[in-house]
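Let me begin by presenting the structure, written as structure tokens, before commenting on it.
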Amino acid sequence: MRFADRRPGKTHKNENFPVASLLLAPQHRQPILAFYNFARLADDIADSPALTPKAKLERLDRLEAGLDGTTTQDAVSVALKATLAARGLSDEHPRALLKAFRQDITVKRYLNWRELMDYCANSAMPVGRFVLDLHGEARTTWRASDNICAALQIINHLQDCGQDYQQLNRVYIPISLLVKNAASVEDLGARQASDRIRAAITTLAAQAGQLLDVGEHLSAQVKDARLAREIAVIIALARNNVKKLRVEDPLQGGGRTGKAEALYIAFATLLREQRQRATTPSERNADDVGV
């Protein structure tokens, strides 16, 4: 799950999925925003139409130097370094993100599912791992989180597949999947998706849904109840996006959940979570141990 897309002026309040929302405890929001701002800047650099690939890589190197403490030129990396130190957290996750952003500059196509998942291991999975580490959750929760974050990344890829191709010449739909459906990358430049490209999109959306199935139990695994509620909302929103991607054309702006619908889904999910968590302490502890 990358935090950001490339719309100018975009902030954490405009993302497809909650970022540092009020569902989380206040003490955790600032560190998440520091991480988000770092990812936002790195994403803007990687996607900049004004910078050459060489200049982009140099800027990303400077961001990493801020994490090293060898430069103070980029305030966001300096702020993140300070935040990580204050919370006793490793910088492994933002460094992994930088690998993904460098890859965005140099790699434009993914041949198969494995290559796409290798990309998600740096572009998406570190985000969930950072949030879990920040909350002091066990690393045994990482596997479920990784699947959810990869699903969110794929959803974003599909929603932006036309824009990614037309503006950045990037195609995240695996080439093997396009070939299997007799589609081509050029199909992504059309105003309306052909039946061939729609078949590839719906297949990849279904695979994202399967990743969500594997990670579904994460909200029951985490000990922080507020984080569990946010995870449940994110999964519910993701499932709705998967459903939309399977019937709507992302080349025409489809496959997205509107704000009003998102609020309804979030409210319904929170009510369900409240009922499920209205158990006695002993029952809740038994659930935690049994996962």
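The values are calculated or read from the model by the stated rules, or taken from the named source; none is laboratory data. What you are looking at is a predicted structure, and each value in this text was computed from that prediction instead of being measured. Cβ coordinates were reconstructed from backbone atoms using ideal geometry, including for glycine residues, and neighbour counts include every protein chain displayed.
So which residues in segment 224-252 are out of contact with any His (no Cβ under 8 Å at 6 or more places or on another chain) and farther than 18 Å from residue 154 by Cβ, if there are any at all?
Residues of segment 224-252 that are out of contact with any His (no Cβ under 8 Å at 6 or more places or on another chain), as a first pass: 225-226, 228-252.
Within segment 224-252, 225, 226, 228, 229, 230, 232, 233, 252 qualify.
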request  = Kindly indicate whether residue 100 is part of a helix (DSSP H, G or I), in contact (Cβ under 8 Å) with a residue 40 or more places away in the chain, within 13 Å of the chain's Cα centre (by Cα) and over 23 Å from residue 21 (Cβ atoms).
outcome  = yes
request  = Six or more apart or on different chains, Cβ under 8 Å: which pairs go from a residue in segment 44-56 that's free of Cβ contacts under 8 Å to residues at least 60 places away in the same chain to one that's among the hydroxyl-bearing types (Ser, Thr, Tyr) and not in a loop (DSSP other than H, G, I, E, B)? Could you list them?
outcome  = 53/106
task = Return the total of residues in segment 214-226 being assigned to a loop (DSSP other than H, G, I, E, B) and surrounded by fewer than 21 Cβ atoms within 10 Å (Cβ to Cβ).
result = 4
note = Among (1) within 15 Å of the chain's Cα centre (by Cα); (2) crowded, with 18+ Cβ neighbours inside 10 Å; (3) free of Cβ contacts under 8 Å to residues at least 60 places away in the same chain, residue 76 falls short only on (1)
remark   = Picked from segment 22-42 (must be in a helix (DSSP H, G or I), touching a Lys or Arg at 6+ places or on another chain (Cβ under 8 Å) and in contact (Cβ under 8 Å) with a residue 60 or more places away in the chain), the residue nearest to residue 228 (Cα to Cα) is 31
ask   = Any residue in segment 35-47 that is at negative phi, at pLDDT 95 or above and surrounded by fewer than 19 Cβ atoms within 10 Å (Cβ to Cβ)?
value = yes
